Structure formats: C-alpha cells, structure tokens
Amino acid sequence: MPPTNSPATVAEYLDGLPADRRAMVEAIRRTINRRLPKGYEEGIQYGMIGWFVPHSRYPAGYHCDPRQPVPFAGLGNWKRHVGISLFCTYVDPDHQERFRTAWLATGKPLDMGKGCIRVKRLEDVPLEVLGDCIRRMPVKTFLERYEAIVPASKRRSTGAADPTRVATKRTTTGSRSISSRSPSTTRSSRSRR
C-alpha cells in the first residue's frame with residue numbers, strides 16, 4: 001500500500017521502497033518512461049508514481065477530482081504486490097483486449113482487474129508488452145477515449161460555474177427529505193439577470 005505520508009517526488013517515493021521492490025518498480029518505470037508518448041507528465045499522484053495529462057493540456061482535470069490531472073497510468077508498491085494501473089486500458093476495451101491477449105501470449109501469469117495489474121516478481125512482467133500498451137495511446141487518442149466514457153454531466157467545466165444549473169441542497173429531517181434551493185441560483189434570480 002502506498003505510504004500514508006505521500007512523498008512529494010518520484011525520487012522520494014523510490015527512496016522509501018525496500019531494495020527488492022525498488023529494483024522491480026524502477027525496471028517497470030524505465031519501460032513506461034521509454035515508451036511514453038509526448039504530452040504526458042510523470043509525478044506523484046494518489047500516493048504513488050503516476051503518469052497523467054497535465055492541467056496545462058486538459059484544464060478540467062480528472063472528473064472524480066478536478067484538482068488532479070487525468071490519470072493515464074500508475075505504479076505503486078503494495079503490501080503483497082506491485083500494482084500497475086493502466087487507465088489507458090480502462091478507457092478503451094479494444095486496447096485492453098489487445099493488451100491482455102499480448103500479455104497472455106507470453107505465457108506469463110496475468111492478475112488483472114479492469115485496469116490494474118498485480119505482479120509479485122519482475123520476471124512475471126512482459127516489459128515489451130507493457131511498453132507497447134503505453135506507446136499505442138497518444139494523449140489526443142487517450143483524451144478522446146476518456147471523454148467518450150465519462151458522461152458530459154460528470155465532466156467538470158474549465159471555466160466559471162454553469163449559470164443554467166440549479167444548485168440544490170438536500171437535508172434529512174427525521175424521516176422526510178427536504179430540498180432547498182440556493183437563493184442565488186433559483187429560477188427567479190436567474191431570470192432577472
């Protein structure tokens with residue numbers, strides 16, 4: 001599991017790893033960095049090494065937390081494994097299937113959820129397959145796939161708040177629910193603008 005006190009830099013993250021895990025993480029990181037298309041940046045994201053689309057390229061940020069840039073891939077040391085998070089496969093089922101097929105064709109074991117791979121030994125990682133997966137997803141394509149899976153209602157705007165949306169605050173009193181509108185966003189206050 002990534003440390004509770006998140007390191008500020010990739011170097012700090014690596015320095016905090018046990019020697020055997022550090023060698024494994026560094027080898028996987030080297031593969032990703034060598035094959036990473038232009039436009040992505042590396043840094044610490046969600047307490048681990050991450051590669052992402054910077055806010056300078058996609059100002060709206062990640063729909064789940066707009067303060068974060070859109071994640072592309074991640075690499076973290078956990079208690080029982082090293083995790084390789086491939087959001088690039090999560091956003092594109094065809095890309096994911098191609099990746100799974102190529103990995104399994106190597107004969108190496110694959111423990112993968114929808115976008116996260118769990119590995120215990122470097123020997124179990126077909127680095128060439130991982131590198132090809134990273135290389136095949138340039139920023140423009142990745143953002144097109146990302147926007148296609150995130151409903152417009154979940155995407156954050158890059159500018160000021162949308163004046164056509166009505167803000168509601170839901171509170172519960174006893175067994176009934178009360179909905180209240182913010183005075184600045186009610187229909188009557190918007191129509192006076």
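The values are calculated or read from the model by the stated rules, or taken from the named source; none is laboratory data. It should be emphasised that the depicted structure is a prediction, and the values quoted were computed from it without experimental measurement. Here Cβ is always computed from backbone atoms with ideal geometry, including for glycine, and neighbour counts include all displayed protein chains. What goes into the accessible areas is simple: the full protein's heavy atoms, side chains included, and nothing from ligands, DNA or RNA. Shrake-Rupley method; radii C 1.70, N 1.55, O 1.52, S 1.80 Å.
Structure above, values below:
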quantity: Residue match in region 52-66 (condition: within 16 Å of Asn33 (Cβ to Cβ) and more than 11 Å from the chain's Cα centre (by Cα)); calculated: yes
quantity: Which numbered condition Trp51 misses (of (1) over 20 Å from Cys133 (Cα atoms); (2) out of contact with any Pro (no Cβ under 7 Å at 6 or more places or on another chain); (3) among the aromatic types (Phe, Trp, Tyr)); calculated: (1)
quantity: Qualifying strands (runs of 3 or more DSSP E) (wholly inside region 24-95; at least 3 residues being touching a residue at least 12 places away in the same chain (Cβ under 8 Å), of a type outside the set (S, T, N, Q) and buried (at least 20 other Cβ atoms within 10 Å of the Cβ)); calculated: 48-53, 70-77, 82-86
quantity: Members of region 1-23 found to be aliphatic (A, V, I, L, M), outside any loop (DSSP other than H, G, I, E, B) and touching a helix residue (DSSP H, G or I) at 6+ places or on another chain (Cβ under 9 Å), listed by number; calculated: Val10, Leu14, Ala23
quantity: Residue that is modelled with the lowest pLDDT, among those in region 111-141 that are part of a loop (DSSP other than H, G, I, E, B) and open to solvent by 40 Å² or more (accessible area, probe 1.4 Å); calculated: Lys114
